[in-house]
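Asker: Sharing a structure here in structure tokens format.
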Amino acid sequence: MLTAQARLEANSLIDRLVADGETFPAEAARRLIDLIPITRPARFSFMGRFSGRGPDVKGHAAGIGDVKIEGDRTEKRLTLNTPQTHKIGGYTVTHTPGQIIIELMWAETKPDQTGQSCTLEYDPATRQPKAMQIAAQKSLTFFFLVFGYVTCVPWKKPNETHPALSA
């Protein structure tokens, strides 16, 4: 369980890691790795969302004519064997050995998931950061079905220089 102080510190560290640029501060990454509790990795996990629309209603309105009312949108979510997440500022964070997944809390409201999450990869033995990857949404069409999936692409490398020494 993260304390309020730890959440505030983690939020500040994440903001530094995801800031614009080709590198990220390695010392901020190391501190985040130490700060966020590690959860056990899942061999397989699934998160899905199914959406649709309810039935339409047709009828006749006096003085207007034929009318049609579209059904309400419905959405069902399914999660299976997903690791524990932490809500930190505007982020949802998951820490499993070797990686920290950082996702914007409102990412699921966006149709395109590109840039809505990233992964900090590190060596579990030494806890040294290796790289960050960012989410990129792709699609696969199979006859009339379109499957959207998110993959990670290289984004940033650690910057080992200490900010106080480079000034």
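Asker: Check the stretch 127-144 and report whether any residue there is assigned to a loop (DSSP other than H, G, I, E, B) and either in contact with a Gly (Cβ under 6 Å, 6 or more places away or on another chain) or among the basic types (Lys, Arg) (or both). Give the steps one after another, and end with the answer.
Answerer: To start, the set of residues in the stretch 127-144 that are assigned to a loop (DSSP other than H, G, I, E, B) comprises 127-128, 143-144.
From the residues that got through so far, the ones that are either in contact with a Gly (Cβ under 6 Å, 6 or more places away or on another chain) or among the basic types (Lys, Arg) (or both) too are 127.
Yes, some residue in the stretch 127-144 is assigned to a loop (DSSP other than H, G, I, E, B) and either in contact with a Gly (Cβ under 6 Å, 6 or more places away or on another chain) or among the basic types (Lys, Arg) (or both).
Asker: Give the number of residues within the stretch 12-27 that are within 18 Å of residue 134 (Cα to Cα) and assigned to a helix (DSSP H, G or I).
Answerer: The total comes to 6.
Asker: Specify which of the listed residues (126, 96) is of a type in the set (Ser, Thr, Tyr) and more than 30 Å from residue 76 (Cβ to Cβ).
Answerer: Values: 96 fails: more than 30 Å from residue 76 (Cβ to Cβ).
After ruling out the rest, the residue left standing is 126.
Asker: Separate question: Run down 120, 78 and say which single residue is among the aliphatic types (A, V, I, L, M), within 23 Å of residue 146 (Cα to Cα) and assigned to a strand (DSSP E or B). Walk me through how you get there before you give the answer.
Answerer: Values: 120 fails: within 23 Å of residue 146 (Cα to Cα).
So the residue among 120, 78 that is among the aliphatic types (A, V, I, L, M), within 23 Å of residue 146 (Cα to Cα) and assigned to a strand (DSSP E or B) is 78.
Asker: Here's something else I'd like to know. Of the numbered conditions (1) touching a helix residue (DSSP H, G or I) at 6+ places or on another chain (Cβ under 6 Å); (2) open to solvent by less than 40 Å² (accessible area, probe 1.4 Å), residue 119 fails exactly one; give the number of that condition.
Answerer: (1)
Asker: Next question, about the same structure. Pairs only if they're at least six apart or on different chains, beta carbon under 6 angstrom, first in the stretch 61-78 and modelled with pLDDT of 85 or more, second in a strand (DSSP E or B) and surrounded by 10 or more Cβ atoms within 10 Å (Cβ to Cβ); list them, first residue then second.
Answerer: Final answer for the pair search is 61/67; 69/57.
The values are calculated or read from the model by the stated rules, or taken from the named source; none is laboratory data. What you see is a predicted model, and the numbers here were worked out from it, not measured in a lab. Here Cβ is always computed from backbone atoms with ideal geometry, including for glycine, and neighbour counts include all displayed protein chains. Heads up: the accessible areas ignore ligands, DNA and RNA and are worked out on the full protein's heavy atoms, side chains in. Shrake-Rupley method; radii C 1.70, N 1.55, O 1.52, S 1.80 Å.
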